[in-house]
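As structure tokens, the structure follows; a few thoughts come after it.
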Amino acid sequence: MRIAVTGASGQFGASVLAELIRRVGTDDVVALSRTPKDLPGLETRRADFDDPQTLGPAFAGADRLLIVSTDRIGHRRTQHRNAIAAAVRAGVGHVFYTSATAVDAPGNPSPVMPDHAVTEAALAASGLPYTALRNGVYTETLLLAARPAVAAGVYATNAGQGATSYVTRGDLAAATAAILADPADPGTAIELTGAEAVTGADVAAILSALTDREVRYQPLTDEVIEAGMVRAGLPPEAVAMAVGFGRAAREGYLGRVSDAVGRYLGRRPVSTAEFLAAHRSALVPMPPSV
């Protein structure tokens, strides 16, 4: 079974490749990238979603193809359509696509959902066997706010009392590799989330316990969060992304919990508390130098 992975030079794609090689070896794995690197013992091919002529040869002979969604919100709809059309022409046996949890929920306000919904619709219309891997929110994103929260004693979000089923990038990559390597048909969609959903108050409590510092949770409005990020000089795209995810959590779209990651890994996924504990040194501000 020939398995091809796009985005192989990126963090997630490279992690999936490593897990695949561990499971099935290098002979049946192909690394696809816009900027392919020479990986000893592994076949690499150039695949540029903005250059459709590269995609047919890249996808040729693939029984299973993982399309890792690109990071160009808005434009990636065209990129993904190019990849799907090329997969059809190349006769790919089964396409897997890294989508997002609750993409099928009407009214989901997350700014990434329209692109994923359009791509899933294109897959459904392609006639190819496909599976949407509806990934939860990376636990790693918590690190961006955790250290400032510990320093200030306040973890503030616009998520209200909404919960998020965080899942680590490593667990997602390992589960994705297990799905790709399993010849069974996994169906048209799999929700890949953590084993539990946590609220902002839960995160604050975890930070307090890990650092022996009081960290309280402060729910804020979308407008206050947005204004603060603008004052901090963050670009509009980053502001819209953060506000949109917070709102999606608040309105109940990010709290879905599935057992799929645990089933494919054969163990319970790394919890939010376990992940933050493993990164405790990154949570506590360094004392000033003297």
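Among 124-130, 253-259, what's the highest-first ranking by average C-beta atoms within 10 angstrom per residue? Don't skip to the end; give the middle numbers.
Working: 124-130: 14.1, 253-259: 18.9.
Output ranking for 124-130, 253-259: 253-259, 124-130.
Multiplying the residue separation of THR26 and LEU143 by 0.36 nm and subtracting their alpha-carbon distance yields 38.8 nm. Among PRO219, PRO269, PRO235, the largest mean-square fluctuation in a Gaussian network model of the chain (Cα springs under 10 Å) belongs to PRO235.
Which percentage, to the nearest 5, of the DSSP beta bridges contained in the chain is antiparallel? Can you show the working numbers first?
On the way: 2 of 31 bridges.
Taking every DSSP beta bridge within the chain, about 5 percent pair in antiparallel fashion.
Order by neighbour count: VAL30, VAL16, fewest other Cβ atoms within 10 Å first, most last.
Details: VAL30 23, VAL16 29.
The order, fewest Cβ neighbours first, is VAL30, VAL16.
Values in this text are rule-based calculations from the coordinates and carry no lab data. Keep in mind the model is a prediction, meaning the values are calculated, not measured. Glycine gets a Cβ as well: all are built from the backbone with ideal geometry, and neighbour counts include every protein chain shown.
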